[in-house]
Amino acid sequence: MSNPAPTPGPASRLPTLTDFERQVYEWQMWVDGFGETGQRRLKAATVLISRAGGVGGMVALELAAAGVGRLILAHAGNLKPSDLNRQILMTHDWLGRPRVESAARQLRALNPRLDVVAVPENISENNAARLVAQADLVVDCAPLFVERFLMNRAVVRQRKPMVECAMFELEAHLTTILPGQTPCLACLYPEPPPDWKRQFPVFGAVAGMVGCLAAMEAIKQLSGLGETLTGKLLTCDLRTMNFRKVNTRRRRDCRVCAPPPV
């Protein structure tokens with residue numbers, strides 16, 4: 001069954017494509033079930049990406065290349081040498097300078113038509129609701145569960161779809177959350193995993209792989225193409241090349257998304 005776009009409506013209300021955009025996106029518009037209407041839906045969309053590091057940077061790059069109209073990047077801090085093995089939107093000459101600015105400049109170089117909003121902040125109590133309110137869809141790539149839980153609460157309250165992606169060492173997890181229809185992050189993880197920490201083993205190739213998958217999930221959700229991982233969790237172990245998809249369930253006692261008692 002096709003996945004409904006989050007902002008469906010008559011094609012006449014979507015932005016039109018220029019002749020140049022038709023040339024740029026010609027090959028992907030050949031994809032069955034996508035076409036020019038799917039491309040116009042991407043152009044109309046705003047996506048919030050929490051962190052633009054190893055995973056989020058790849059998400060942002062692929063969405064910019066695919067023609068999403070507006071990206072909001074929330075990422076604090078300056079570039080460090082240890083970021084360079086995986087953060088593909090960063091460059092050596094930017095060391096010591098704000099990472100989100102490097103990400104924005106690289107994305108604009110790839111797609112000058114893209115509207116990039118660079119927010120030099122990580123997700124917090126002060127900005128989560130405000131940033132989510134500006135987006136049609138959220139991609140959560142934050143390394144800390146405190147940020148993930150804040151984002152999860154905001155999308156549930158505002159009924160915004162969220163692609164949730166994470167990786168550790170050679171493993172990756174991915175799901176798509178539709179508030180009110182699927183489990184939220186707090187259903188899957190009522191408490192932060194005890195061994196989860198800010199710094200962890202990582203290859204850039206693993207971060208890039210899950211970032212590409214997350215970008216494709218976002219493209220499908222925005223355009224109505226194919227089937228997304230709603231109600232399912234994809235786990236990938238690149239050490240053994242095992243990929244597994246399991247069904248997930250909402251928790252009746254979830255502190256975030258459980259319906260109020262009757």
Problem set entry | Inter-residue pairs, beta-carbon under 6 Å, first closer than 29 Å to Glu227 by Cβ and in segment 196-216, second exposed (fewer than 15 other Cβ atoms within 10 Å of the Cβ) and at pLDDT 90 or above, 6+ apart | Gly204/Asn85
For this session: Evaluate segment 71-84: report whether one residue or more is among the polar types (S, T, N, Q), closer than 25 Å to Gln23 by Cα and touching a Leu at 6+ places or on another chain (Cβ under 9 Å).
Result: no
Seminar exercise, completed: Inside segment 193-252, the number of residues satisfying the requirement of being among the basic types (Lys, Arg) and under 15 Å from the mean Cα position of the chain (by Cα) is 1
Problem set entry | Tabulated pairs, segment 44-56, first farther than 19 Å from Leu95 by Cβ and in contact (Cβ under 8 Å) with a residue 24 or more places away in the chain, second among the charged types (D, E, K, R) and in a helix (DSSP H, G or I), C-beta under 9 angstrom, 6+ apart or interchain | Ala44/Arg13; Ser50/Glu147; Ser50/Arg148
Exercise. Within the set of pairs 6+ apart or on separate chains, which have a first residue in segment 227-256 that is more than 26 Å from Ala205 (Cα to Cα) and of a type in the set (Val, Ile, Thr), a second that is modelled with pLDDT of 95 or more and part of a strand (DSSP E or B), and C-beta atoms under 7 Å apart?
Worked result: Thr248/Thr175; Thr248/Lys232; Thr248/Leu233
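One line per residue, one yes/no per condition, for (1) small (Gly, Ala, Ser); (2) without any contact (Cβ under 8 Å) to a residue 24 or more places away in the chain; (3) within 17 Å of Gly69 (Cβ to Cβ); (4) in contact with a Cys (Cβ under 9 Å, 6 or more places away or on another chain):
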{"residue": "Arg99", "(1), (2), (3), (4)": "no, no, no, no"}
{"residue": "Gln106", "(1), (2), (3), (4)": "no, no, no, no"}
{"residue": "Leu114", "(1), (2), (3), (4)": "no, no, yes, no"}
{"residue": "Glu125", "(1), (2), (3), (4)": "no, no, no, no"}
{"residue": "Cys141", "(1), (2), (3), (4)": "no, no, no, yes"}
{"residue": "Leu144", "(1), (2), (3), (4)": "no, no, no, no"}
Problem set entry | segment 22-48 - residue that is under 21 Å from the mean Cα position of the chain (by Cα) and not hydrophobic (A, V, I, L, M, F, W, C) and, of those, farthest from Gly224 (Cα to Cα) | Tyr25
Exercise. Would segment 196-214 turn up any residue that is of a type in the set (A, V, I, L, M) and over 20 Å from Ile88 (Cα atoms)?
Worked result: no
Problem set entry | Selection within segment 223-238 - of a type in the set (Ser, Thr, Tyr) and either buried (at least 17 other Cβ atoms within 10 Å of the Cβ) or in a loop (DSSP other than H, G, I, E, B) (or both) | Ser223, Thr228, Thr230
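The values are calculated or read from the model by the stated rules, or taken from the named source; none is laboratory data. Remember, it's a predicted structure, so these values are computed and weren't measured experimentally. When we count neighbours, we look across all protein chains shown, and the Cβ atoms used for this are built from the backbone with ideal geometry, even at glycine.
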